[in-house]
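*Asks:* Mind having a look at this structure? Questions to follow.
Please treat every number below as a calculation from the coordinates, not as lab data. Everything numeric here is computed off the predicted structure, so don't read it as measured data. Positions of Cβ are generated from backbone atoms using ideal geometry, with glycine treated the same way; all protein chains shown enter the neighbour counts.
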Amino acid sequence: MMYKPTPEERDHAIRIGAAEFDKTDGQALAGYHLLLNRMFDPRWPNSLTGVIHQPKQFSALNKGAGGNRRFWSTKAGSKNYQRMGAIFDQVVSQYNAGKRQPWTHFWERPGMEKLVAEGHQKNLVPPWLSQTAKESGGEVVVDGLRFSGRAAGTDTPSGPTVAPPTREARDGAVTPPATIAPKKKVKAGIDALTKILLQDEYAPPPSIPLNARPPQNTVSQRPKMPETEYLYGPR
């Protein structure tokens, strides 16, 4: 199975990616696998533009709640357009090489919560989630987007594109993906905050007698605080 997108298909793929899943490269990789999966699955249209413009499938193209203008406002030749195009081309190459991810559906919890808060709907999770999560053995969370489902012709996730599926409770508790190496055990007696701050190993400071006077002009060596990554909500 070899697929070569037409210029129109590539342009529309770039635009829907910029409107729906351009927050990180990981999101874009998973999202483009999803688009190609639907195109080759008999449950969806058999062209990429048909998949993208199928009514009520991608919220960015909705005329009402949840829609945005980024599909058509993304300028051809812009930095983000070029970035998403390069990722799409990479996924097409992966797909043609048989390295396929199985996903057919995705959603974002903050977006659903926003629609409920604004009175557009009552459900906090998509009605199809129980079925698609069953098909894929759980959800995969990629930088806030939650992917599930299994397309026709796919077995298990292949390649390093996204983390293996993690089984999650419907309340949103996230299990760390299996690609993250487990931290080394910390010796008993260290307080909980120190366990969080330390990255790998902990070397306890030398013991100091209670009545000893601390040395002058020294600076306490404190563990370096890890940088925090802030994830933004839907646009």
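*Asks:* Report every pair of residues separated by at least 6 positions or lying on different chains whose Cβ atoms are under 6 Å apart, first residue within segment 23-36 and among the hydroxyl-bearing types (S, T, Y), second part of a helix (DSSP H, G or I).
*Replies:* Listed by first residue and then by second, the contacts come to Y32/F88; Y32/V91.
*Asks:* Consider only pairs whose beta carbons are under 8 Å apart and that are at least six residues apart or on different chains; among these, list those whose first residue lies in segment 90-107 and is touching a residue at least 24 places away in the same chain (Cβ under 8 Å) and whose second residue is of a type in the set (V, I, T) and surrounded by 23 or more Cβ atoms within 10 Å (Cβ to Cβ).
*Replies:* Going by the 8 Å Cβ cut-off, the qualifying pairs are W103/V140.
*Asks:* Search segment 2-19 for residues being closer than 19 Å to K99 by Cβ and among the aliphatic types (A, V, I, L, M), and hand back the single one that is surrounded by the most Cβ atoms within 10 Å (Cβ to Cβ).
*Replies:* A13
*Asks:* Which residue is nearest to the chain's Cα centre (by Cα), if the candidates are limited to segment 17-32 and must be under 17 Å from G111 (Cα atoms) and hydrophobic (A, V, I, L, M, F, W, C)?
*Replies:* Going through the qualifying residues, I end up with F21.
*Asks:* Report yes if W103 is part of a loop (DSSP other than H, G, I, E, B), within 18 Å of G144 (Cα to Cα) and of a type in the set (A, V, I, L, M, F, W, C), otherwise no.
*Replies:* yes
*Asks:* Which of the residues spanning segment 108-120 are in contact (Cβ under 8 Å) with a residue 40 or more places away in the chain and not in a helix (DSSP H, G or I)?
*Replies:* E108, E118, H120
*Asks:* Something else: Taking only pairs six or more apart or across chains, which ones have beta-carbon atoms under 6 Å, a first residue in segment 125-143 that is over 19 Å from Q57 (Cβ atoms), and a second residue that is hydroxyl-bearing (S, T, Y) and in a loop (DSSP other than H, G, I, E, B)?
*Replies:* D143/T24
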